[in-house]
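The values are calculated or read from the model by the stated rules, or taken from the named source; none is laboratory data. Bear in mind that the values here come from a model prediction, so they are computed numbers and not experimental data. Positions of Cβ are backbone-derived with ideal geometry, glycine not excepted, and every protein chain shown enters the neighbour counts.
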Amino acid sequence: QAGAGLLLAEMLLFFIPALMSLLDYGALLRSEGWRILLVIMLSTLLVMLVTAVSVEWMCRWRARHESR
């Protein structure tokens with residue numbers, strides 16, 4: 001409770017640097033924002049796919065080795 005209260009009380013300090021960088025790099029985001037968003041979306045999709053394939057592989061491997 002105390003830790004959560006502290007984080008909630010100081011949450012504004014965590015967001016100010018991000019908001020200030022948006023103001024500093026506004027022109028860059030206007031010109032290249034769609035590319036940045038595309039890279040974020042594609043990399044997120046890639047991580048999700050690799051995770052799914054890894055979990056599927058591990059489940060099959062475990063099932064084969066537990067049945068022995």
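Only helices (runs of 4 or more DSSP H) wholly contained in the chain count here; list those with 2 or more residues that are among the basic types (Lys, Arg) and without any contact (Cβ under 8 Å) to a residue 12 or more places away in the chain.
Filter on the chain gives 26-66.
With surrounded by 10 or more Cβ atoms within 10 Å (Cβ to Cβ), at pLDDT 85 or above and out of contact with any strand residue (DSSP E or B) (no Cβ under 9 Å at 6 or more places or on another chain) as the only criterion, which of Ser21, Ser31 stands out?
The match here is Ser21.
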